[in-house]
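The values are calculated or read from the model by the stated rules, or taken from the named source; none is laboratory data. Worth saying up front: this structure is predicted, and the values here are computed from it rather than measured. Every residue, glycine among them, receives a Cβ derived from its backbone with ideal geometry; neighbour counts consider all protein chains shown.
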Amino acid sequence: MTASGFDVLCIGNAIVDVIARVGEDFVSRHGLVKGSMNLIDEARAEQLYGDMGQAIEVSGGSAGNTAAGVASLGGRAAYFGKVKADQLGAIFRHDMRAQGVVFDTPAATEGPATARSFILVTPDSERTMNTYLGACVNFTTADVDRKVVEAAQVTYMEGYLWDRPEAKDAFKLAARIARAAGRKTSITLSDSFCVERHRDSFLELIRNDIDIVFANEAEINSLYQTRNFDDAVKAIGIDCPVAVVTRSEKGCVVVKGDEVHASPAHPVARVVDVTGAGDLFASGVLYGLTNGRSLSEAARLGSLAAAEVISHIGARPEVKLRAHAEMLGLL
């Protein structure tokens, strides 16, 4: 195995986030399930955008947020995702590169526009996502750069890619390349609805091709169709070498075989917007694991990164996470 050029390669849907604060009545009026991620078409996107009021537009996407977090911690991050050669696509690419992430996936010159996700934040800080996938659905095996995959210590993929056969094939190809090169693979389960859509194929992938799984409590319970968290933790310990399961204010548990270690949440003065919490948590853990930290140390870095991002609107850090971690003695 050659020396790595990247700590983490993140693969996911390249999406521009459109974030707005709304009341509970907005969620009910539009028939939305609070806390879920809904795939919508262009007409539905226009309907929501027209009714949501003032919004903030920032580059996002689950794996993109994770890549940005790794870079903010001082890590070497690369990203695969598809945008169109349009205004939002140019903004997305500029934002990624400005944060120190290598993003060279060619832009589409035809077809649907760059994807956008309407993130509705209710007064309880919960977020409901409504995503028009646009150009990102055209990510295929042709966009998998073998050299980049082989150069990354960990290839990390978001579960949302499983919704399209072409992206699923690209996901599988990257995993095969990574494992053939002696590298590690990782997946985040994304949300419980995603797990319900793909439970059997997720389990097959995890058992055969994944080294590190990220999930929250609802997702891991859904994966194993149980309400008993301890049973789900025991099952993932059998199926995957390492699993990290977040439990909101309870922190997380790190599972390695039959070893289960609890790690507390990092304190946060005020929760403003939980968008990106899981994405940034994964960035801290992945940075730690690819830079010689123990599982418990990596979990603390994940909690720190998550705490920073939920303290403000938007799914990208507002401070340099490395300096923040150094100040607190975590790096």
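Taking the stated definitions as given, is ARG270 of a type outside the set (A, V, I, L, M, F, W, C) and either farther than 28 Å from PRO123 by Cα or touching an Asp or Glu at 6+ places or on another chain (Cβ under 8 Å) (or both)? The answer is no for ARG270.
Residues of region 255-273 include at least one that is touching a strand residue (DSSP E or B) at 6+ places or on another chain (Cβ under 6 Å) and among the charged types (D, E, K, R). GLU46 satisfies every condition listed in (1) within 23 Å of ARG197 (Cα to Cα); (2) without any contact (Cβ under 8 Å) to a residue 24 or more places away in the chain; (3) not small (Gly, Ala, Ser) except (1). Scan region 143-160 for residues that are touching a residue at least 60 places away in the same chain (Cβ under 8 Å) and in a helix (DSSP H, G or I) and the total you get is 6. Within region 204-215, identify whether any single residue is out of contact with any His (no Cβ under 6 Å at 6 or more places or on another chain), more than 23 Å from LEU280 (Cα to Cα), modelled with pLDDT of 95 or more and basic (Lys, Arg), and answer yes or no. Looking through region 204-215, at least one residue is out of contact with any His (no Cβ under 6 Å at 6 or more places or on another chain), more than 23 Å from LEU280 (Cα to Cα), modelled with pLDDT of 95 or more and basic (Lys, Arg). Of all residues in region 138-159, those satisfying the criterion of being touching a Phe, Trp or Tyr at 6+ places or on another chain (Cβ under 8 Å) and either over 24 Å from GLY284 (Cα atoms) or modelled with pLDDT under 95 (or both) are PHE139, ASP143, VAL144, ASP145, GLY159. Across region 299-316, the number of residues qualifying as under 16 Å from MET327 (Cα atoms) and in contact with a Leu (Cβ under 8 Å, 6 or more places away or on another chain) comes to 6.
THR185 meets all of the listed conditions (1) at pLDDT 95 or above; (2) on the phi > 0 side of the Ramachandran plot; (3) crowded, with 21+ Cβ neighbours inside 10 Å but one, namely (2). What are the pairs with Cβ atoms under 8 angstrom where one residue, in region 108-120, is touching a residue at least 60 places away in the same chain (Cβ under 8 Å) and under 26 Å from ARG29 (Cβ atoms) and the other, located anywhere, is of a type in the set (Phe, Trp, Tyr) and surrounded by fewer than 18 Cβ atoms within 10 Å (Cβ to Cβ)? Sequence gap at least six, or different chains. So the pair list comes out as PHE118/TYR49. Look at ILE177 and say whether it is modelled with pLDDT of 95 or more, over 23 Å from ALA299 (Cβ atoms) and aliphatic (A, V, I, L, M). Considered against the rule, which asks whether it is modelled with pLDDT of 95 or more, over 23 Å from ALA299 (Cβ atoms) and aliphatic (A, V, I, L, M), ILE177 comes out as yes. Counting the residues of region 241-264 that are out of contact with any His (no Cβ under 9 Å at 6 or more places or on another chain) and surrounded by fewer than 20 Cβ atoms within 10 Å (Cβ to Cβ) gives 13.
Within region 130-137, can one find any residue that is touching a strand residue (DSSP E or B) at 6+ places or on another chain (Cβ under 8 Å), modelled with pLDDT of 95 or more, closer than 15 Å to ALA63 by Cβ and aliphatic (A, V, I, L, M)? No, every residue in region 130-137 fails to be touching a strand residue (DSSP E or B) at 6+ places or on another chain (Cβ under 8 Å), modelled with pLDDT of 95 or more, closer than 15 Å to ALA63 by Cβ and aliphatic (A, V, I, L, M).
Within region 171-205, the residues that satisfy the criterion of being in contact with a strand residue (DSSP E or B) (Cβ under 9 Å, 6 or more places away or on another chain), under 20 Å from MET37 (Cβ atoms) and either free of Cβ contacts under 8 Å to residues at least 40 places away in the same chain or part of a helix (DSSP H, G or I) (or both) are PHE171, ILE187, LEU189, SER192, PHE193, CYS194, VAL195, PHE202, LEU205.
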